[in-house]
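This report refers to the structure that appears directly beneath it.
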Amino acid sequence: MSLKYTLSKKILHFKQPAGTSRGVYTTRKIWLVHLTDGERTGMGECAPLPDLSCDALPDETYESKLNSFCQDLCQKGDIDVDALRPYPSMLFGLETALLNLWNGDLLFDTPFSRGEEGIPINGLVWMGRYDEMLQRMEEKLEKGFRCVKLKIGAIDFEQELDLVKRIRDRFSFHEVELRLDANGAFKYEEALYKLELLSQYAIHSIEQPIRQGQWAYMAELCRESPLPIALDEELIGVNDPEMKGHMLNVIKPRYIILKPSLHGGMMGCREWIETAKQQGIGSWITSALESNIGLNAIAQFASDVYGPHIRMPQGLGTGQLFTDNIPMPLEIRGDMLFFDIRTKET
């Protein structure tokens, strides 16, 4: 099979600034990989996050490396997984393009991909000023989200506690599941105290309370915290299968949160899920500010890896973030994401 490829770079623009503890995003840079065998075509998205992805290289270097991997794929007809392990955003884009080439719109043949069922998702409340976060939180609750995720760590902690309290004053934990994402914002010395204050509000879990790379401190927090801790950034750059098992065994989190663009593509995420399962650690999948091309692939991947009738909310509600997103037949109905293949056919 003879393959050819082209690359195109695209800048996406956020409808509203997307705030994290690392800063604020107003634009998003992605590369689209187009594959063809002369009859069929496939497209995938490579979307490294600046200052976060382990393969966030200068543009010219990134594009040169990606061209090299594309050329290798076209020559061999398949992906050199071992060579691409250190470049997860590129691996994910090439995996998606090849699946799209082989399988068409149904990257994976699942009830979600066939439009027969949706995937439950959390409502995401970005960091911002107190009044902004309060308004965003109210909007998510009014839309019927039964799982809300708050990004914290950018404003005064007492104000963030107040936001959490407001949710719990209105909704019990039976009605609304509440997740927090600190993006590594807490200092180790204060982390346990803050976790204890938050624990009175029946929090489902908190992601990455302290910065990654502090295994001993994170392991201690996982032992002592009254809140379940989930790892996210901690997984970035850990690409060796044995090291994945070793890290989880040392830290022993309750959950891991997987983003294919950051955590080893689909192949690497499957390794993480299986390794975590062997140690009794739960997981879910989220997007990482990709366009709808990447979001669609991640959602279909989640429907394949976790099987039909997914109950745990996934982090797949980012498709409405951009003013100039790429059209895909993805639709949020209530707190469920659907892939309506009929929309694309019409």
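The table below gives the values:
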quantity: Some residue of segment 153-167 being assigned to a loop (DSSP other than H, G, I, E, B), on the phi < 0 side of the Ramachandran plot and surrounded by 15 or more Cβ atoms within 10 Å (Cβ to Cβ); calculated: yes
quantity: Selection count, segment 248-268, where residues are part of a helix (DSSP H, G or I) and either out of contact with any helix residue (DSSP H, G or I) (no Cβ under 7 Å at 6 or more places or on another chain) or of a type in the set (Phe, Trp, Tyr) (or both); calculated: 1
quantity: Residues of segment 80-103 satisfying the condition of being in contact with a Phe, Trp or Tyr (Cβ under 8 Å, 6 or more places away or on another chain), surrounded by fewer than 24 Cβ atoms within 10 Å (Cβ to Cβ) and under 16 Å from LYS4 (Cα atoms); calculated: LEU99
quantity: Options SER53, SER64: the member that is open to solvent by 60 Å² or more (accessible area, probe 1.4 Å) and either modelled with pLDDT of 95 or more or touching a helix residue (DSSP H, G or I) at 6+ places or on another chain (Cβ under 7 Å) (or both); calculated: SER64
quantity: Members of segment 168-222 found to be within 17 Å of GLY123 (Cβ to Cβ), touching a Pro at 6+ places or on another chain (Cβ under 9 Å) and assigned to a loop (DSSP other than H, G, I, E, B), listed by number; calculated: ILE203, HIS204
quantity: Residue match in segment 34-44 (condition: closer than 19 Å to ASN325 by Cα, open to solvent by less than 40 Å² (accessible area, probe 1.4 Å) and in a strand (DSSP E or B)); calculated: yes
quantity: Any hit, segment 9-16, residues being open to solvent by 30 Å² or more (accessible area, probe 1.4 Å), modelled with pLDDT under 95 and either in a strand (DSSP E or B) or within 30 Å of ILE210 (Cβ to Cβ) (or both); calculated: yes
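The values are calculated or read from the model by the stated rules, or taken from the named source; none is laboratory data. Everything numeric here is computed off the predicted structure, so don't read it as measured data. Virtual Cβ from ideal backbone geometry, glycine too; neighbours counted across all protein chains shown. Heads up: the accessible areas ignore ligands, DNA and RNA and are worked out on the full protein's heavy atoms, side chains in. Shrake-Rupley method; radii C 1.70, N 1.55, O 1.52, S 1.80 Å.
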